[in-house]
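The values are calculated or read from the model by the stated rules, or taken from the named source; none is laboratory data. Everything quoted here is computed from the prediction, not taken from an experiment. Every residue, glycine among them, receives a Cβ derived from its backbone with ideal geometry; neighbour counts consider all protein chains shown. The protein model used for the area step is the full one, side chains on, heavy atoms only, and it has no ligands, DNA or RNA in it. Shrake-Rupley method; radii C 1.70, N 1.55, O 1.52, S 1.80 Å.
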Amino acid sequence: MVYPGVVNNDDQANGLVIRGNSPASLRWRMEGVDIVNPNHLTNAGTFSDRPTASAGGVLMFSAQLLNNSSLLTGSFPAGYGNALGGIMDMNLRSGNRHRHEFTAQAGLIGLDLAAEGPLFQKGKNSYLVNYRYSTVGLLGQMGISFGDEEIAFQDLSFKLHFSGKNGGEWSVFGLGGKSKNTFAHKTDSAAIKQFKDFFDIDYKSRTGMIGISNTTLLGRKGWLKFALVASGQTNDRLSLSNSFEEFNNSDELEESKISGSASFSYLLNASSLRVLGGAMLTRQFFEAESIDASMPPLLTQHEFFTAQPWVDLHWQSRNEKTSIRAGMHSLVFTYNNRVVGEPRLALTQVIATNHRLTFSGGRYSQIAPLWLQKDNLDLIRAWHAGLGYSWLIRPEWMIRSEIFWQHQDGVGIDGNVSSTFSVLNENDYRIYPNQEVTYHGSGQNRGMEISAEHYLSNGWFVLANVSVFKSEYRGSDRIWRPARWDTRHIANLTAGKEWQRDKRPGQVRTFGLNGRLGWSGGLRAMPVDPVASEMAGSTVFDDSDGFSIRQKDYFRLDLRIYWKRSFDDRRNSTFAMDFQNATMQENIAYQYYDPFTRAVETKYQLGLIPNISWRLEF
């Protein structure tokens, strides 16, 4: 990701650390409605090999389906809630209403097929459908290592768009996807290099979603929108060994959401006062069953409703130099009879031509990780504030900067003993046997970010940003410590350039080069206790001083070279070569104790990932 203050320093997954918050603090929405984690391979990149709350190896929606999707960070407005880090609000584009179009792409990592066009009545309705199948088998044969795992996924997405009366719209959309990664034990004793080689590990994930939305125009002054989405996901993991049966374990997780929302926007009068409002009601179900040979089976189950009513007033002065956005969001959490009010405010002032100053702030809350037991599940709360500045240097150049602050309170910490535990440091599914969680902990994130962007003009673009911040937390031992996500600095540079040749009528040849450079501080980690690990036969961390180790800085360079040929306004052919981690940087994933080598080992992230693809549009 190239957003300022946002880092993904795990090559195997797309989890986002937003301004020092855990990736689990991100919420996903589709057409403005909450959905389950829409990612394949939800265990990708985790130490435990168990699913995460909001991340995975690959997003299930192909990029060519998305339209006007955005990542909201910091002090987002009153229409959004149940998130402390950010919200990824996705929308699917509509298909071509006038003619049929097809896209086929083939590469080393799989196939991507899409079709769109008019439906029933030309010019009014449309369909859009996309299918993807991917496997890393070809890359494995080329010597690219994925930890000797067989990895594959496939998904099918669609959207049907219908034009209604007076500019209204109806949409029906859906998604189905499944993924797996399988590891087979080594049969040749000479090939065994690690403890994992004694196990057969099978991980499967299945996700489905279906939804409908309607937008009605209220004359020229506003609109009214309804949406209903049902989504669900199951994740199953089985780890078996004939040689070490005492370490056999399995997990079965199921999550579903049925979410409905209604929202509106209306301009009240000529004084530029606009009122927005709405509500979202969600029925949430979660069940996790874990079986481990070393402990009794553990079953966690939740079923509850949440309601999120909100209202927002947006006023702008007649000279358009001053705007005020004030609102109220509420989260009703029926599980523990929690009803919280969350005021939001944003003030924007044009201080000079093309210079803008913005202050924003508000109260936010989020439900803690669902794998906690019922008595341990509650709300985490936070205050956000930010002071931003933007300068439009030229029509194609923009400079932005912001100072931000976040204070988290009511954070889940250890209720049994004095310890360094905090739910702010959690990301993937974890078993908490006999642990009591009490919500008296704290956390804080503060920092500054600056970005410069040159919009696509004259065949080139560039986006650069730098962020510095500090992330801390306080457990039940009442000591402030660096949080797990305290990388301290983030720097991103994304740029691209196109050169066009043969600009003859109906025929254009284009050569392009894009690149992305990412550099950030390393995530923090707890040291492995080798003595305790040897006695336990598995990794035991020394948590007495929290995440006291800072990993080496993360660095990655991605490059893309492509040749595109346009024959007319309907046919395009693109040949591309992509090189992820082009410098073959060895970024650290984590440290662990291996009972086979009887030593603390380092797990590295992915090396060079090449991909050659050909894309045809007609």
Let me check I've understood the local charge: for Gln154, count other residues with C-beta under 13 angstrom from its C-beta, Lys and Arg +1, Asp and Glu -1. What total comes out?
+3
Whole-number accessible area per residue in Å² for the chain, which is evaluated in the context of all protein chains at 1.4 Å:
46
Report, ordered by chain and residue number, the lysines lying within cross-link reach of Lys196, taken as a straight Cα distance under 23 Å and ignoring same-chain residues fewer than 8 apart.
Lys180, Lys186, Lys204, Lys603
From phi via Karplus (6.51, -1.76, 1.60), per-residue ³J(HN,Hα) for region 245-251 in Hz, x at Gly/Pro:
5, 5, 10, 5, 7, 8, 9
Around Phe195: net Lys/Arg minus Asp/Glu count, Cβ-Cβ under 15 Å
-4
Which semi-axes, in whole Å and largest first, does the equivalent ellipsoid of the chain have when worked out from the alpha carbon gyration tensor as the square roots of 5 times its eigenvalues?
38, 32, 25
Largest first and to the nearest Å, give the Cα extent of region 261-328 along each principal axis.
70, 22, 12
Quick one: Cα centre-to-centre distance for region 253-269 and region 49-125, in angstrom?
18
Anchor Lys225: aspartates and glutamates whose Cα lies under 14 Å away (excluding residues fewer than 8 positions away in-chain)
Glu31, Glu169
Cross-link candidates for Lys497: which lysines have Cα within less than 27 Å, leaving aside residues fewer than 8 places away along the same chain?
Lys564
Phe618-Ala352 pseudo-label distance in nm [points 7 Å out on the Cα-to-Cβ vector]:
5.7
Using the Cα gyration tensor of region 63-125, the equivalent ellipsoid's semi-axes, largest first and to the nearest Å, work out to 32, 20, 7
Between region 378-439 and region 525-598, how far is it from one alpha carbon centroid to the other, in angstrom?
23
So, over other residues within a Cβ distance under 12 Å of Leu267, counting Lys, Arg +1 and Asp, Glu -1, the net charge is +3
Can you tell me what share of the DSSP beta bridges in the chain is antiparallel? A percent to the nearest 5 is fine.
100
How much of the accessible area of region 248-383, probe 1.4 Å, is carbon plus sulfur, in whole percent?
57
